[in-house]
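The values are calculated or read from the model by the stated rules, or taken from the named source; none is laboratory data. Just so it is clear, the structure is predicted and the values come from calculations on it, not from any experiment. For the accessible areas, the whole protein counts, side chains as well, though only heavy atoms, and no ligand, DNA or RNA atoms are used. Shrake-Rupley method; radii C 1.70, N 1.55, O 1.52, S 1.80 Å.
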Amino acid sequence: MYCPQCRSEFVPGVITCPECDVPLVDALEPLPEEPRPKKLVPLVVTYNPGDAAIVSAFLESRDIEYYLRNDVVDRMYLQLSPIEVMVNEDDLAAGMEALKDLDPRFTKDWEKEE
């Protein structure tokens, strides 16, 4: 016998889970599959933290999840590693579409595909 809430197993004769106070069942339903990990791909690569912040704001306004890689900037040093704005592989097209509305003067250093 099993508790359908906490999934504990009990000896025969027990009919209620003492922790959850629910009736036991003969078999448990299988656990739902874990969602597949998201594959992150670069949407924008820049050395300018301001550009990364602007892109992040555009993505947030469109509810597109993103991750910034190498976004720690020390004011005493130049940005030596590019900042990558990463998005879920499934959101890449939506991210590129979101950036079409971006004012080009902010992206003059980016290489855009036409």
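For the range 14-56, the share of accessible area belonging to carbon and sulfur comes to 60 percent (1.4 Å probe, ligands and nucleic acids excluded).
In the complete set of protein chains, residue-level accessible area for Arg62 is approximately 90 Å², probe 1.4 angstrom.
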